[in-house]
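**Q** Take this structure first; my questions come after.
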Amino acid sequence: MTDITSKKGNRLTLYIIIGLIAGIALGFVFNGSYIKSENNQIITIESSLRSINGQMEGIKDTASRAYHGLASVKAQLTATKTKLSAARDTKLEPFSLIADIFLRLIKMIIAPLVFTTLVVGVARLGDLKSVGRIGGKTLFWFICASFTSLFIGMLLVNFFKPGMAMHLSLPDSFADTGVQKASLSLREFMYHVFPTSVIDAMARNEILQIVIFALFFGVGTAAIGEKGAVVIKAMDAFAHVILKVTGYVMNLAPLAVFGAITVVIAKQGLGILSTYSVFIAEFYSGLLFLWIILFLAGGLFIGKRVLTLIRHIKEPALLAFSTSSSEAAFPKMLLELERFGCPNKIVSFVLPLGYSFNLDGSMMYMTFASLFIAQSYGIHLDPGTQMTMLLVLMLTSKGIAGVPRASLVVIAGTLATFKIPEAGIALLLGIDPLLDMGRSATNVIGNSIATAVVSKWEKDRD
């Protein structure tokens with residue numbers, strides 16, 4: 001049975017790689033032919049908008065006729081750009097639709113899968129004391145990994161200084177990035193953690209809120225003894241049904257990867273890679289360095305078995321990379337970690353928590369991107385301020401895994417806090433899909449190592 005499953009997994013990995021390569025090839029062809037007209041017009045308009053912004057910055061009297069004339073032209077160009085972007089999206093809609101359907105199907109099973117597996121995992125731990133012990137170990141690892149990721153991002157961006165080459169003038173303070181800011185208040189954060197309705201939390205895929213309810217439900221189920229055993233058995237059966245459905249959905253992964261990559265390359269082309277090649281290369285070098293640190297840290301606890309773990313998580317990591325979604329890899333990662341040897345009760349407990357508290361790739365990106373924007377505008381931040389920013393990012397990033405473009409949301413709020421132009425996010429919007437691939441894969445790797453390490457700690461204790 002294991003050999004058959006392994007062969008199916010290897011075939012799926014092969015098909016995903018084929019879909020990835022085919023998507024890159026077709027996207028490149030589309031970029032130079034099918035949507036070439038729209039791409040060229042959008043590039044021309046963006047160049048004109050940059051020129052107009054420069055002229056508007058040079059006019060001190062914002063009530064003058066010249067300023068209003070430029071503002072009118074800017075509004076017209078922006079409207080034309082929006083129409084062209086919509087026309088381009090319409091042409092690429094069949095390909096984006098494939099990826100969207102796959103991601104919707106994945107999101108469809110995430111909430112019930114997290115709830116049932118976590119309830120079963122908590123209930124099987126036996127009591128509140130066990131939950132607290134394992135939860136404490138898990139959160140300790142998450143905090144250490146998150147801080148390490150943020151700190152590495154801070155060190156590398158200060159070493160590479162990718163923003164220094166941009167030499168940008170400070171933008172209009174009212175420039176809108178289109179990205180909503182993350183709230184920094186404790187009140188908003190706590191409201192985001194604790195649900196008013198579990199149904200609402202599941203409907204919106206609020207992973208952290210589902211985790212909170214599942215923890216209470218699992219502990220309560222374990223506390224009522226024999227009556228709870230019936231609930232646990234039912235939940236376990238339900239979880240296995242969801243995992244079976246996951247297998248069906250995963251068969252669509254190669255097509256989803258093909259569609260997603262085709263759209264990204266068709267829109268961005270290779271020009272975006274040359275424009276931001278230094279930043280992209282340095283960021284991915286940083287991710288590679290972070291992977292090495294994470295695997296070495298994992299190796300300290302699980303020894304040479306870390307190499308076996310790498311073989312098990314390569315497919316979920318590739319899927320997360322290709323679809324730019326850690327959620328897409330969650331069901332497959334759940335299965336692979338159990339095949340690796342992690343107890344079901346540990347995997348079911350640690351992995352859902354990791355999706356809210358242990359996004360290592362996103363963490364590193366937040367410091368890297370925030371300081372890159374500051375460097376681009378020539379804003380110097382002393383080491384003390386950078387460490388403060390690091391701590392702010394560590395707090396505000398928790399529990400926003402379900403927010404679209406979550407990293408950019410947190411960065412927007414952080415930039416405002418440290419008086420850095422929020423319009424700088426526009427520097428990253430074009431290449432964010434490419435960077436999000438690496439972030440998502442790193443999140444999968446970090447959570448897999450965390451689960452394996454906590455499993456080893458519990459095994460040694462037992």
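**Q** Within region 23-48, track down each residue that is aliphatic (A, V, I, L, M), assigned to a helix (DSSP H, G or I) and either modelled with pLDDT of 90 or more or more than 30 Å from the chain's Cα centre (by Cα) (or both).
**A** To start, the set of residues in region 23-48 that are aliphatic (A, V, I, L, M) comprises 24-26, 29, 35, 42-43, 45.
Checking which are assigned to a helix (DSSP H, G or I) leaves us with 24-26, 29, 42-43, 45.
If the condition is that a residue be aliphatic (A, V, I, L, M), assigned to a helix (DSSP H, G or I) and either modelled with pLDDT of 90 or more or more than 30 Å from the chain's Cα centre (by Cα) (or both), then 26, 29, 45 are the ones that fit.
**Q** Now for a different question. Is it the case that some residue within region 150-165 is under 23 Å from the mean Cα position of the chain (by Cα), closer than 15 Å to residue 355 by Cβ and either not in a helix (DSSP H, G or I) or not small (Gly, Ala, Ser) (or both)?
**A** no
**Q** Regarding residue 136, is this residue modelled with pLDDT of 85 or more, over 30 Å from residue 56 (Cα atoms), small (Gly, Ala, Ser) and surrounded by fewer than 22 Cβ atoms within 10 Å (Cβ to Cβ)? Steps first, please.
**A** Working: modelled with pLDDT of 85 or more: yes; over 30 Å from residue 56 (Cα atoms): yes; small (Gly, Ala, Ser): yes; surrounded by fewer than 22 Cβ atoms within 10 Å (Cβ to Cβ): yes.
Yes.
**Q** Filter region 229-248 down to the residues that are surrounded by 17 or more Cβ atoms within 10 Å (Cβ to Cβ) and not aromatic (Phe, Trp, Tyr), then identify the one that is farthest from residue 319 (Cα to Cα).
**A** Within region 229-248, the first condition is being surrounded by 17 or more Cβ atoms within 10 Å (Cβ to Cβ), and the residues that meet it are 231-232, 235-236, 238-239, 242-243, 246.
Filter once more, keeping what is not aromatic (Phe, Trp, Tyr): 231-232, 235-236, 239, 242-243, 246.
Working: 231: 33, 232: 31, 235: 27, 236: 26, 239: 22, 242: 19, 243: 17, 246: 14 Å.
The extreme case among them is 231.
**Q** Only one of (1) over 30 Å from residue 91 (Cβ atoms); (2) part of a helix (DSSP H, G or I) fails for residue 284. Which number is that?
**A** (1)
**Q** For residue 107, indicate whether it is at pLDDT 65 or above and within 28 Å of residue 458 (Cβ to Cβ).
**A** Working: at pLDDT 65 or above: yes; within 28 Å of residue 458 (Cβ to Cβ): no.
So residue 107 does not fit the description; no.
**Q** Among the residues of region 320-350, what is the count of those that are at pLDDT 85 or above, on the phi < 0 side of the Ramachandran plot and outside any helix (DSSP H, G or I)?
**A** Final tally of qualifying residues: 2.
**Q** Within region 78-86, identify whether any single residue is β-branched (Val, Ile, Thr) and within 19 Å of residue 427 (Cα to Cα), and answer yes or no.
**A** Here is the first cut: in region 78-86, the ones β-branched (Val, Ile, Thr) are 78, 80, 82.
Next, from what is left, pick out any that are within 19 Å of residue 427 (Cα to Cα): 78, 82.
Yes; the residues of region 78-86 include at least one that is β-branched (Val, Ile, Thr) and within 19 Å of residue 427 (Cα to Cα).
**Q** Only residues that are at pLDDT 80 or above and either of a type in the set (Phe, Trp, Tyr) or more than 27 Å from the chain's Cα centre (by Cα) (or both): list them for region 1-22, please.
**A** 15, the sole residue that qualifies.
**Q** Checking the conditions here, which among 294, 215 is closer than 30 Å to residue 104 by Cβ, aliphatic (A, V, I, L, M) and part of a helix (DSSP H, G or I)?
**A** Values: 294 fails: closer than 30 Å to residue 104 by Cβ.
Of the residues listed, the single one that is closer than 30 Å to residue 104 by Cβ, aliphatic (A, V, I, L, M) and part of a helix (DSSP H, G or I) is 215.
The values are calculated or read from the model by the stated rules, or taken from the named source; none is laboratory data. These numbers come from a predicted model, not from an experiment. Here Cβ is always computed from backbone atoms with ideal geometry, including for glycine, and neighbour counts include all displayed protein chains.
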